[in-house]
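S.K.: Before I ask anything, here is the structure I am working with.
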Amino acid sequence: MDIKRKIKQAANIIGIDELRKSQVKPINDILEGRDTMVVARPSAGKSAIYQIPALVHEGERTITIEPLLSLMHDQVRKLREHGVGAARLDSTMKKSEQRECLQKFISGEVQMLFVTPEQFGKEEFLCTMKAVLVYMVVVDECHAVLDWGYSFRDAYLNLGQTIDELEARPIITALTATATEDDMAEIAQCLHMQNPAMYRNDLYNPKLVYIKQHAVNREEKRKLLCKYLSKYHANSSIVYCNTRKAVEAVYKLLDKKYSGQVTMSHAGLKPKARMANESEFLSGKKTIMVATTAFGMGIDLDSVDLVIHFNMSLSLTDYMQQSGRAGRNGQKAHAVLLYSDEDYYTNLAILHDGHPTLRGMEQLDMMKEFCDDNEHCMAQLLLGRFGQKMKKGCKHCTVCQKNRRKKK
């Protein structure tokens, strides 16, 4: 059977009738045994880029490293729905369940195993992997290598060394929606990628309208939140907050106005309660999610047509990732950024309470500049941060609309 037919069969297994041009070359590079990195906006089909080669190599094993448990659950669920042998290995499982999962991976019953970077680096896990020939290691949401590796998740910085310790060197594939050319080079170095094929696709979504508004105090911000929800909430909306306290307060506010439609997610909730809340939103039972910024990373939810940031993001990378969760279905969507002077100082405190780095401080300052810039198109500024150019403004964002009114 020729390789094109195998690719088509693998694509059909995961519900894809026809591959996009942007998927074909990276898939072929992986199948030729080459390390590969892809930067593409949400909804560009990045998961298929590694899943298809993994399925073509039936009988061989693929390990995918994910930053979040919710993301692992989502990926495994979707693969199992297509009849693919997929499983997760994480800290919420009993020891007996973990051993059973690993045994299934060794036997081949499980072909794709999803783990966190911390799990991947455990000595017990590595010893088990020496009994398996691993075809490919995938680092999904690989921007986390830099964004989190240098602060509170140093396991990310050890991934390259850990991969080198496997019995035979696997292909390394790295995927993200946000990385500059410099970031890509640094990520490749951290992961010990060898002569990787690098792809940076167009990150601009012309159907996503960017809006930003300064609020002088918390009361005004609450009013603006309700205003934009009333104006743009149609299918599913996500409201991002920077702290658990803010999530709780916004949830209480919105639950009064949209009773029975609102849920929330943050790390302070018990794992089962948090997962139940997220499932209610993902299934459509609840239509408004109030959450801290990790929620939604990599989750494929086409119904989101509104993302509101109740606080200034910690970085443009975070903002790009989170706002990009709206409009994945190709329909018009809105990303609303509400910010205040207080937000900047709250974010400084968040950085200092965690593991402050020069990179983190620089990224926060760039985010503040983005908020304060009332002259340049928001989409142009965002894409410029990631090394892409727009010849003209988007015509729809807050700044473009303001500049248009000036000319009249």
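The values are calculated or read from the model by the stated rules, or taken from the named source; none is laboratory data. Not measured: the values here are computed from a predicted model. As a convention, Cβ positions derive from the backbone with ideal geometry for all residues, glycine included, and neighbour counts pool all protein chains shown.
S.K.: Any idea which of THR36, THR92, THR62 is touching a helix residue (DSSP H, G or I) at 6+ places or on another chain (Cβ under 9 Å), surrounded by fewer than 22 Cβ atoms within 10 Å (Cβ to Cβ), polar (S, T, N, Q) and at negative phi?
M.R.: Result: THR92 is the single residue among THR36, THR92, THR62 that is touching a helix residue (DSSP H, G or I) at 6+ places or on another chain (Cβ under 9 Å), surrounded by fewer than 22 Cβ atoms within 10 Å (Cβ to Cβ), polar (S, T, N, Q) and at negative phi.
S.K.: Right, another one. Out of the range 186-212, which residues are under 20 Å from ILE30 (Cβ atoms), modelled with pLDDT under 95 and not polar (S, T, N, Q)?
M.R.: The answer is ARG200, and nothing else.
S.K.: Restricting to the range 10-43, give me the number of residues that are more than 23 Å from CYS190 (Cβ to Cβ), in a loop (DSSP other than H, G, I, E, B) and hydrophobic (A, V, I, L, M, F, W, C).
M.R.: The qualifying residues number 3.
S.K.: Has the range 134-145 got any residue that is more than 20 Å from ILE49 (Cβ to Cβ) and in the same structural domain as LYS95 (by TED's automatic domain parsing)?
M.R.: No, the range 134-145 contains no residue that is more than 20 Å from ILE49 (Cβ to Cβ) and in the same structural domain as LYS95 (by TED's automatic domain parsing).
S.K.: On the basis of being of a type in the set (Val, Ile, Thr) and within 15 Å of ALA11 (Cα to Cα), does VAL84 make the cut?
M.R.: For VAL84, the condition - of a type in the set (Val, Ile, Thr) and within 15 Å of ALA11 (Cα to Cα) - is met.
S.K.: What are the residue pairs meeting all of these: first residue in the range 169-191, first residue farther than 21 Å from SER47 by Cα and outside the structural domain of THR317 (by TED's automatic domain parsing), second residue in a helix (DSSP H, G or I) and hydroxyl-bearing (Ser, Thr, Tyr), Cβ atoms under 9 Å, and 6 or more apart or on different chains?
M.R.: Qualifying pairs under 9 Å: CYS190/TYR156.
S.K.: Between TYR204, TYR251, TYR232, TYR199, which is touching a strand residue (DSSP E or B) at 6+ places or on another chain (Cβ under 8 Å), within 28 Å of ILE65 (Cα to Cα), in contact (Cβ under 8 Å) with a residue 12 or more places away in the chain and not charged (D, E, K, R)?
M.R.: TYR199
S.K.: In the range 179-198, how many residues are crowded, with 19+ Cβ neighbours inside 10 Å and either in contact with a Pro (Cβ under 8 Å, 6 or more places away or on another chain) or closer than 22 Å to ASP305 by Cα (or both)?
M.R.: Of the residues in that region, 1 qualify.
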